[in-house]
């Protein structure tokens, strides 16, 4: 019995240690986001300076705005395109479906840098200036395949006879699609949208290649500021510690809430 | 004139066109650029230059080594984590699993920046000043940190699928804990290992954000190498991208690819 307890402790200890390593950097930033200075080392005194900077500096706000706007547009367009694409593919002949699915896999498997370079070279070859257009296309290329991949399983689980029934009852194909098929695949569409948002928010490489000059997202700014930083960027960079802390808190809240909701649902179904 | 009837199949046209222009054509364009020179004549010059330049080849080799070490370390950490979680009887194990995935939702670059600050802090401490020059160590640590969930998730899902009665059967037949692990768990988790390995190996060969931010720009991996040709030599850049493309597809094919439901961030948990 004692040996079992020891093994249990060892297991819990291992999981705990790895979790500690995972959260140490984030906690460090969270602590120093309340520091007066922008140096990590000795805590100089409590202040909200970094948070104030985060919400008042037009530069920082601009970058956050860019990042969010880009993610929202790219994710919306990817979700529309991907959902329509997945639906269409599902009803197409096997050959067409197979070809599209294979093409859909390319950006998923491919290294982001190769996708980014290939797109940019193509834009250069046909003389398309880098702009919001190229940027959004770039993000759509990496996001849409994941939307398709999360919608397809829902289509496979769907009951096909419901669509037929709707047609028999006189609905137009389009109406049947919107009122019968769409509600059945909506969970896949939503998770595809979420995935697209996070992929776009996280992206550095494709943004770097396809962005118009002077356009900065959080990723491109932080990358440049840490690799070739100066005193000015250090101030902005430390306001991003505050941002990291805020994002982290939002995530934790979100997870806790969704857990509570799902628990409630389970209790109701019981 | 008759209005064409709406057909469900037509829905795939926009995405089909999109795939054609922004996925297939770019691939063909880099193929074209890789085998042409500045005057757009067909040439093997880039190909020859690439395979005769020792610095290029060595970059590839040590990029492979870094990726390999990262993958092995990630596997050595993730396998026990997934195993412990999958076999544990605690009620809320998916909450613990979520804890491993949570940091993934913070912006990738911000996360790497956080690791950088942590290393800065530690290297200020007495006896840890070696850390400020340990570029390879820091790079590999950062990659393992960032890609660990990609390894844990597929392992966990495959292990959860293993039928519990198999463990019982093994125990009934007198198998010890170790035998059960070696003869039941390990062989049945091979698909999970394969997709985890693919999902960690590939980005650690190409994602130069980590190696640049943590390796003081002293660690050059293939991804960064392509970047250095950005804007000045599209032909050479395309050639390296093409080589990378082939490596990526070969390794995906060898490991049997990975499944959509195991990909990113555990959105399907």
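Based on other C-beta atoms within 10 Å, arrange A:31, B:84 from fewest to most. Kindly include the intermediate steps, with their values, before the conclusion.
Working: A:31 13, B:84 18.
Neighbour counts put them in this order, fewest first: A:31, B:84.
When the helices in chain A are scored as -39500 (n - 2.57) per DSSP H run of 4 or longer and the sum is shared across all residues, what 222 nm value do you end up with, to the nearest 500 deg cm²/dmol?
Values: 12 runs with 218 residues, N = 270.
It comes out at -27500 deg cm²/dmol, rounded to the nearest 500.
Any idea how far apart residue B:52 and residue A:14 come out in nm if each label point goes 7 Å out from Cα toward Cβ?
5.2 nm
Once you've got the GNM for chain A with C-alpha springs shorter than 10 Å, pick whichever of A:197, A:186, A:152 has the biggest mean-square fluctuation.
A:186
Considering the alpha-carbon set of the protein assembly as shown alone, what are its Rg and its Dmax in angstrom?
Every Cα atom of the protein assembly as shown included, Rg and Dmax give 24.8, 85 Å.
Report, in deg cm²/dmol and to the nearest 500, the calculated mean residue ellipticity at 222 nm for chain B, where each DSSP H run with n ≥ 4 adds -39500 (n - 2.57) and the sum is divided by the residue count. Walk me through the numbers before you get to the answer.
Details: 13 runs with 177 residues, N = 269.
Per the formula, -21000 deg cm²/dmol.
Residues of B:114-127, mean number of Cβ from any other protein chain within 10 Å of their own Cβ, rounded to a whole number?
Working: counts 12, 5, 4, 11, 8, 1, 4, 8, 2, 0, 3, 1, 0, 0.
What the average comes to for B:114-127 is 4.
Could you state the principal axis extents of the C-alpha atoms in region A:97-217, from the largest down, to the nearest angstrom?
For region A:97-217, the Cα extents along the three principal axes come out at 55, 28, 24 Å.
If I build a Gaussian network model for chain B, linking alpha-carbon pairs within less than 10 angstrom, which residue out of B:97, B:110, B:153 has the largest mean-square fluctuation?
Its mean-square fluctuation being the largest, the pick is B:110.
Any chance you could check the Cα centroid distance between region B:1-60 and region A:22-37 for me, in angstrom?
44 Å
Could you tell me the distance between the Cα centroids of region A:69-100 and region A:101-152, to the nearest Å?
When both Cα centres are located, 13 Å separates them.
Taking each residue of A:80-91 in turn, how many C-beta atoms of other protein chains fall within 10 Å of its C-beta, and what is the average?
5
Inside 10 Å of the C-beta atoms of A:121-128, what's the mean count of C-beta atoms belonging to other chains?
Working: counts 12, 10, 3, 4, 7, 2, 0, 0.
If you average over the peptide's residues, the count of other-chain Cβ atoms is 5.
Taking every eigenvalue of the Cα gyration tensor of region A:17-128, multiplying by 5 and rooting it, what semi-axes result, largest first, whole Å?
On the way: eigenvalues 381, 79, 50 Å².
The answer is 44, 20, 16 Å, longest axis first.
Mind checking which of A:140, A:89, A:158 has the largest fluctuation in a GNM of chain A, springs on alpha carbons under 10 Å?
A:158
Which order do B:111, A:130, A:42 fall in if you start with the one that has the fewest other Cβ atoms within 10 Å? Show your work: numbers first, answer last.
Numbers: B:111 26, A:130 17, A:42 9.
Lowest to highest Cβ neighbour count: A:42, A:130, B:111.
Counting residues in chain B as N, plug N into 2.2 N^0.38 Å and put the Cα Rg over that result. Provide the component values of the computation, followed by the final result.
Details: Rg = 23.1 Å, N = 269, 2.2 N^0.38 = 18.4 Å.
Rounded to two decimals, the normalised Rg is 1.25.
Rounded to the nearest 0.05, what FRET efficiency do residue A:249 and residue A:131 give with R0 = 30 Å and r taken as the Cβ-Cβ distance? Could you check? Numbers along the way, then the final one.
Values: r = 35 Å, r/R0 = 1.17.
So the FRET efficiency works out to roughly 0.30.
Kindly identify chain A as rounded, prolate or oblate by the Cα gyration tensor criterion: order the square roots of the eigenvalues as a ≥ b ≥ c, call it rounded if a/c is under 1.5, otherwise compare a/b with b/c, prolate if a/b is larger, else oblate. Working shown, then result.
Numbers: a/c = 2.13, a/b = 1.32, b/c = 1.61.
Judged from the Cα gyration tensor, chain A comes out oblate (a/c at least 1.5, b/c at or above a/b).
Tell me, B:118, A:167, A:195 in order of fewest to most beta-carbon neighbours within 10 Å? Mind dumping the intermediate values first?
On the way: B:118 21, A:167 13, A:195 24.
With the sparsest Cβ surroundings first, the list reads A:167, B:118, A:195.
How much length is gained on full extension from residue A:44 to residue A:59, taking 0.36 nm per residue of separation minus their Cα-Cα distance? Kindly include the intermediate steps, with their values, before the conclusion.
Working: separation 15, 0.36 × 15 = 5.40 nm, distance 2.59 nm.
That pair, residue A:44 and residue A:59, stretches by 2.8 nm at full extension.
Assuming R0 = 25 Å, what is the FRET efficiency of residue B:89 and residue A:23, from their Cβ-Cβ distance, to the nearest 0.05? Show your work: numbers first, answer last.
Working: r = 25 Å, r/R0 = 1.00.
So the FRET efficiency works out to roughly 0.50.
Within the P(r) computed for region B:86-184, what percentage of the Cα pairs occupies the region above 18 Å? Kindly include the intermediate steps, with their values, before the conclusion.
Values: 3099 of 4851 pairs.
In whole percent, the long-distance tail amounts to 64.
Taking the Cα atoms only, what angle lies between the long axis of helix A:182-202 and the longest principal axis of chain A, rounded to 10 degrees?
30 degrees
What shape does region B:1-69 have by the C-alpha gyration tensor, where a ≥ b ≥ c are the square roots of the eigenvalues, rounded means a/c under 1.5, and otherwise prolate means a/b greater than b/c and oblate the rest?
Working: a/c = 7.99, a/b = 2.12, b/c = 3.76.
Taking the square roots of the gyration eigenvalues as a ≥ b ≥ c, region B:1-69 is oblate.
Quick one, what does Rg over Rh come out to for region B:86-130 if you take C-alpha atoms and the Kirkwood Rh?
Details: Rg = 16.2 Å, Rh = 13.2 Å.
Rounded to two decimals, Rg/Rh equals 1.23.
All of the numbers you see were taken from the coordinates with simple rules; none came from a lab. Here the structure is a predicted model, which is why all the values come from computation and not from measurement. When we count neighbours, we look across all protein chains shown, and the Cβ atoms used for this are built from the backbone with ideal geometry, even at glycine.
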